[in-house]
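Peer 1: Take this structure, written in structure tokens, and hold onto it; I'll ask about it next.
Readers should treat all values here as calculations from the given coordinates under stated rules, not as data from a laboratory. Because the structure is predicted, anything quoted here is derived from the model rather than measured. Using ideal geometry, Cβ is built from the backbone for each residue, glycine included, and neighbour counts are taken over all protein chains shown.
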Amino acid sequence: MTKGAPEGSKLYYGQIRSLEKTSFNKLCDMVSDYCTAKKGEVELVVDGLINVMKNLLDSGNVVQMGGFGNFRMIAGSKGVAEKKDFEVLLFKKGRIVFTPGKILKEITTKPTFMKLEDNKESSGDNSEEKPGEL
């Protein structure tokens, strides 16, 4: 894989894996621990925020959320040879892009990594690990 490496040599790469998924209910519960709002109030505010963001993004706005980051809508299109032949129907499906702000960028500068052992059951089988699986 690397220029000049002996034939048949392998490289192993690390891969980030999520350890668990936090549900929306749990997230709202955790946020309510940081403020005076109750879990139900947090749910209402977040739900309202999502609806307002949907409307703003649909209108072509960038939604700035301070240190959290920015959300914006992007979409590519098919090309045409002449400008006069371009139609809005040539746009492909849109997607939302999130750019983290200062608060979230900080966690990417010095992350903590750990090696997770394989979840394979020990059967005395010394099967070879696949590249990328550490």
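Peer 1: Considering each residue of the range 1-16, count those that are surrounded by 10 or more Cβ atoms within 10 Å (Cβ to Cβ) and without any contact (Cβ under 8 Å) to a residue 12 or more places away in the chain, and give that number.
Peer 2: Count: 1.
Peer 1: Here is a list of conditions, (1) among the hydrophobic types (A, V, I, L, M, F, W, C); (2) out of contact with any Phe, Trp or Tyr (no Cβ under 6 Å at 6 or more places or on another chain); (3) touching a residue at least 12 places away in the same chain (Cβ under 8 Å), and Leu56 meets all of them except one; can you say which number that is?
Peer 2: Exception for Leu56: condition (3).
Peer 1: Residue by residue through the range 17-39, note down the ones that are touching a residue at least 12 places away in the same chain (Cβ under 8 Å) and exposed (fewer than 10 other Cβ atoms within 10 Å of the Cβ).
Peer 2: Listed by number, the list holds a single entry, Arg17.
Peer 1: Among the listed residues Phe86, Phe71, which satisfies the condition of being of a type in the set (A, V, I, L, M, F, W, C) and farther than 28 Å from Phe24 by Cα?
Peer 2: Going through Phe86, Phe71 in turn, just one is of a type in the set (A, V, I, L, M, F, W, C) and farther than 28 Å from Phe24 by Cα: Phe86.
Peer 1: Could you please let me know if Glu7 is assigned to a loop (DSSP other than H, G, I, E, B) and farther than 27 Å from Leu116 by Cα? Give the steps one after another, and end with the answer.
Peer 2: On the way: assigned to a loop (DSSP other than H, G, I, E, B): yes; farther than 27 Å from Leu116 by Cα: yes.
Against the criterion (assigned to a loop (DSSP other than H, G, I, E, B) and farther than 27 Å from Leu116 by Cα), Glu7 qualifies.
Peer 1: Filter the range 82-121 for residues that are touching a residue at least 24 places away in the same chain (Cβ under 8 Å) and assigned to a strand (DSSP E or B); which is farthest from Gln15 (Cα to Cα)?
Peer 2: Ile96
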